[in-house]
Structure formats: C-alpha cells, structure tokens
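Here the structure is laid out as structure tokens; the discussion comes afterwards.
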Amino acid sequence: MDAEKNLEKLVERQRAYFAEGKTLSVDMRLQALERLEKALREGEEELCRALKADLGKSRIESYMCEVGLTLSELGYVRRHLRSWSRNKRVRTPLAQFHARSFTVQEPYGVVLVMSPWNYPVLLTLEPLIGALAAGNCCVVKPSAYSPETSAVMAKLLRNIFPEEYVAVVEGGRQENQGLLAQKFDYIFFTGGVNVGKMVMEKASAHLTPVTLELGGKSPCIIDETANLKLAARRVAFGKYLNCGQTCVAPDYVLIDRKVKERFLEYLKKEIAQMYGESPLENPDYGKIINRKHFDRLLGLIDEKKLIFGGSRNEETLQIAPAVLDGVVPEDAVMQEEIFGPLLPVITVDSMNEALAFVNSRPKPLAFYIFTQDKATERMFLRRASFGGGCVNDTIIHLATSEMGFGGVGNSGMGSYHGKKSFDTFSHEKSIVKKYNWIDLPMRYQPYTKKKEKMIRTFLK
C-alpha cells in the first residue's frame with residue numbers, strides 16, 4: 001500500500017511540474033535530448049557490460065542493435081523537432097470565409113513507458129525520446145528480467161533528469177500493477193500479448209490512450225525464384241540475432257517444396273559460417289534471458305524434426321541455433337511465439353497456399369517475403385495484413401527513423417520512430433481563427449430561401 005502511495009505521489013509531482021509549462025519550450029526539449037545523448041555516449045561501456053551480463057550480447061551487437069540505433073534516433077529527432085513543433089496551416093473551406101485554419105501540437109502530460117527485457121536499452125529509450133520531444137513528463141518502467149541493464153539506465157536517467165520530469169521505477173509485477181493503477185495521460189507498452197491486454201484493460205478505467213507494441217508469429221515466405229543463398233544468410237541473421245529473442249524475428253519459414261532442400265543446405269552453411277561449428281563456445285553468441293524461458297524453449301523442440309543444431313548448456317542458458325523440418329501447424333512450436341533460436345520450416349506447394357496459411361492466423365508484427373517475382377511480391381504486400389516487413393531481407397525495416405514501426409490486430413496498435421514517435425506522444429489540436437471584418441449571415445436563423453441557396457452553393 002505504501003508503495004502504491006509513493007507511486008501516486010510521484011505521478012502527482014510530475015503533473016505539478018508539467019503544469020508549470022516548462023516542457024512546452026522547444027528549447028528545453030532539445031536540451032533534454034542533448035543531455036540524454038551525452039549521457040548515452042558516456043555510459044556506452046557500462047551499458048554494454050550490463051547487456052552482456054543480462055543477455056550475453058557482444059560488444060558489437062550491443063552497439064549495432066541498442067546504443068547505436070538509439071543515438072541515430074536521437075540525432076534524427078533533434079534535427080527535425082523544431083519543424084514538427086510548429087503550427088501547421090491547412091486549407092480553410094470557403095464557407096468559413098474569412099478565416100485561417102491550422103493545427104497545434106500539444107503534449108499529453110504525464111506518460112508511462114513500460115519496456116521489455118530483450119532490447120532493454122533501445123526499447124526503453126526510443127519511446128522516451130518521443131515522449132520528451134513532444135513535451136511530456138515521463139515515468140519509465142524497465143523490465144525486471146534484465147536487472148543489470150535496468151539499473152544502469154536508472155542511474156543514467158536519474159543523473160540527468162529531475163524525478164518530477166523523468167522518473168525510473170524499477171521492480172517487477174508489484175510495481176507494474178502499482179503503476180497501472182495510476183492515472184496517466186498516455187501509456188506506451190512493449191511486451192507480450194497477454195500483458196498487453198492487461199495494460200489496455202487497466203488503461204480503460206481512466207480512458208487513457210495506449211500504444212501497444214506486441215509480437216506474434218512473424219512468417220518468412222520463400223518462393224522458387226528467391227536467391228536462396230542470400231535468403232539463407234539474411235534469414236539466419238534475423239532469426240538468431242539476440243538468440244531469437246527479437247519481436248520481429250522470423251518465427252517460421254514457409255517455403256516452396258521445389259527449393260526447400262537447397263535452401264536448408266545453404267541455411268546450415270550460413271549458420272556455421274556466422275556462429276562457428278560450436279556456437280555455444282562462440283563468445284559473441286548470447287544466452288536465453290532466464291531459466292523459465294530456457295525450459296519453455298526446450299519444450300518446443302521435437303527431436304524427431306530437429307535437423308540441425310539445438311545443442312544446449314543448462315548452466316549458461318544457451319541453445320544453439322536450431323532448424324526443425326517437417327513441421328505442421330499442430331506442432332507445439334507453432335502454437336505460440338517462439339522468441340528463441342528455433343526455426344520451424346513448413347513446406348508449401350504454392351504461394352497461394354502460403355498466403356492462405358498466413359491469413360488464417362492472427363496478424364503478425366512482421367512479415368518477410370523472399371522472391372524475385374514482382375507479381376508474388378505484390379500479392380503478399382496487398383493481401384497479407386501485418387505490422388511491417390521486408391522484401392528479400394529481415395529485421396531491417398525497424399532500423400529507420402523515416403518510417404513508423406508498429407503492429408496491427410493481435411500484434412499491437414499505434415506506431416513510433418522518428419516523427420511517428422512525436423505524433424504518438426502529441427495531441428493535435430485543430431484551430432480555426434475567424435476574422436471580424438466580415439460575417440457571412442447564412443448560418444444564422446431565421447432561415448430563408450436565400451440563405452438555403454447560399455448554403456447549398458458553399459456545401460456542394
């Protein structure tokens with residue numbers, strides 16, 4: 001009870017700080033982003049050590065997928081923030097003559113960012129960047145499953161921001177429940193579907209708008225025209241990055257029967273090339289986040305269908321990149337998002353069969369198609385519903401600030417990155433400024449035939 005009271009007081013302090021209007025200044029927002037960038041650069045080594053401890057991430061991968069991407073987003077937002085923040089003039093209908101119409105961006109107020117453990121730096125700080133750029137105060141709740149990284153980020157943020165502006169709440173389920181009991185003006189959640197549903201339910205009590213970045217089983221389609229060697233390399237990269245603990249990792253492969261065996265041979269070679277003959281001895285190969293997830297993943301492996309890899313080390317919580325063939329929809333590995341280094345391969349006899357399979361399942365967060373046939377590409381892009389994806393690659397669509405990233409249906413709602421982040425954490429007010437030198441009488445009673453004629457002329 002005391003903990004919940006403390007959270008309530010924290011939100012109240014942030015609300016009081018927001019009411020002072022300091023965060024409305026674009027200059028202040030830019031200064032906040034500059035401080036964050038400086039702290040991130042100075043804290044890079046400490047963050048990388050923490051990521052190694054929590055997830056076994058290599059130094060290069062930690063920079064490529066976490067720190068570097070966050071710095072790139074920071075730079076992009078800082079360069080564009082002034083233009084995004086300006087009032088935008090829009091066309092005024094003739095019926096409203098003489099007037100000027102424009103939109104004004106305003107921050108929501110006090111927002112909550114709840115982040116996951118798999119990319120704990122990137123998926124905490126990127127939403128925070130959007131929240132600060134839009135002029136909000138923010139409570140950040142990192143995951144308890146990545147305690148080392150969460151602690152470093154908490155220290156980093158506390159050193160550069162007062163708690164009434166940016167606060168970090170560490171802890172687990174109790175703290176999550178306590179935060180969701182508070183009234184926020186916006187909630188941004190990244191995580192699993194089940195928890196996402198709970199977040200939305202809790203938010204509904206206060207009619208709080210939400211962005212939900214979830215997951216799902218993201219398909220990877222390979223047709224007979226694909227460059228199989230390159231496809232194998234790019235699928236292996238996307239699938240086994242961070243040991244498969246990536247929300248947009250290819251969850252399973254649907255491949256044309258005519259090219260399956262060739263693709264699998266290329267895939268085995270690419271995995272060996274990337275991770276070595278003994279991946280568990282590779283110092284750059286990571287680990288499963290905890291014992292619970294490790295045991296869950298082992299339960300998804302059908303040894304009869306395991307055709308490559310899959311060795312494991314219970315002490316280090318590592319599972320080598322694994323490929324399963326002959327998989328059918330009823331198999332355990334197809335019943336839930338894998339979130340680990342297991343790649344099921346399902347054989348199809350046509351791209352229409354592959355499309356029907358994808359569309360019969362919940363809408364995924366990501367979608368990948370490997371083809372050199374433009375008609376096949378168009379068919380999937382137009383007829384399959386998904387959050388975002390790639391043609392002839394995996395993962396990379398989220399590594400840009402020029403496009404939004406988000407899900408649809410069961411894979412989430414809302415989007416962020418670049419301007420999308422600014423828009424997500426802003427409310428756009430529509431304003432008409434009417435001038436006083438003329439006042440068209442047609443809208444006022446008493447109504448006459450003449451006024452009706454004028455109304456019909458203007459409103460065609």
Discussion item. For a quick check: with amide H placed at 1.01 Å from N, whose amide H comes under 5 Å from Tyr108's, ignoring anything fewer than 5 positions away on the same chain?
Written reply: His427
Worksheet, complete the sentence: Karplus-derived 3J(HN,Hα) from phi for the stretch 245-252 (6.51 cos²θ - 1.76 cosθ + 1.60, θ = phi - 60°), whole Hz, x at Gly and Pro, runs 8, 9, 5, 10, 5, x, 7, 8
Worksheet item: Amide H of Val348: which non-local residues (sequence gap of 5 or more, or other chain) have their own amide H closer than 5 Å, using H built in the peptide plane?
Response: Ile255, Asp256, Arg257
Discussion item. For Cα pairs less than 8 Å apart in space and 6+ apart in sequence, what is the mean separation divided by the residue count of the chain, i.e. the relative contact order in percent?
Written reply: 18 percent
Item to complete: Only helical DSSP H runs with n ≥ 4 go in: add -39500 (n - 2.57) per run for the chain, normalise by residue count and round the 222 nm mean residue ellipticity to 500 deg cm²/dmol.
Response: -12500 deg cm²/dmol
Worksheet entry | the stretch 219-406 shape via C-alpha gyration tensor axes, a/c threshold 1.5 | prolate
Worksheet item: Which whole-Hz ³J(HN,Hα) couplings does the stretch 90-100 yield from phi under the Karplus relation 6.51 cos²θ - 1.76 cosθ + 1.60, θ = phi - 60°, glycine and proline marked x?
Response: 10, 5, 9, x, 4, 5, 9, 4, 9, 7, 10
Worksheet item: Hey, how many Å between the Cα centroid of the stretch 1-18 and the Cα centroid of the stretch 73-127?
Response: 26 Å
Worksheet item: Hey, what did the stretch 219-406 get for relative contact order, percent, Cα under 8 Å, at least 6 apart?
Response: 29 percent
Fill in: Positive-end residue of Leu55, Gly21, Ser83, charge dipole of the stretch 15-134 with Cβ unit charges
Ser83
Worksheet item: Under unit Cβ charges (Lys, Arg +1; Asp, Glu -1), what dipole magnitude, rounded to 20 debye, does the chain have relative to its Cα centre?
Response: 2900 debye
Worksheet, complete the sentence: Counting sequence-distant residues (5 or more places) and residues on other chains, those with an amide H built under 5 Å from that of Gly389 are Phe367
Worksheet item: Measuring from centroid to centroid over Cα atoms, what is the spacing of the stretch 188-227 and the stretch 250-284 in Å?
Response: 27 Å
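If you put +1 on each Lys and Arg Cβ and -1 on each Asp and Glu Cβ, how big is the dipole of the stretch 219-406 around its Cα centre, in Debye rounded to 20?
Working: 23 positive and 26 negative charges, 68 e Å.
Approximately 320 debye in magnitude.
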Worksheet item: What is the packing order of peptides 322-330, 337-345, 412-420, 44-52, taking the mean over residues of other C-beta atoms within 10 Å and listing the highest first?
Response: 337-345, 412-420, 44-52, 322-330
Worksheet item: Karplus couplings for the stretch 162-168 from phi (6.51 cos²θ - 1.76 cosθ + 1.60, θ = phi - 60°), rounded to Hz, Gly and Pro as x?
Response: x, 4, 6, 9, 10, 10, 10
Worksheet item: Ranked highest first by average number of other Cβ atoms within 10 Å, how do 431-440, 450-459, 124-133 line up?
Response: 124-133, 450-459, 431-440
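Taken together, the values in this text are just the output of simple stated rules run on the coordinates, not laboratory data. Please read these numbers as outputs of a predicted model, since none were measured by experiment. All Cβ positions, glycine included, derive from the backbone under ideal geometry; neighbour counts span all protein chains shown.
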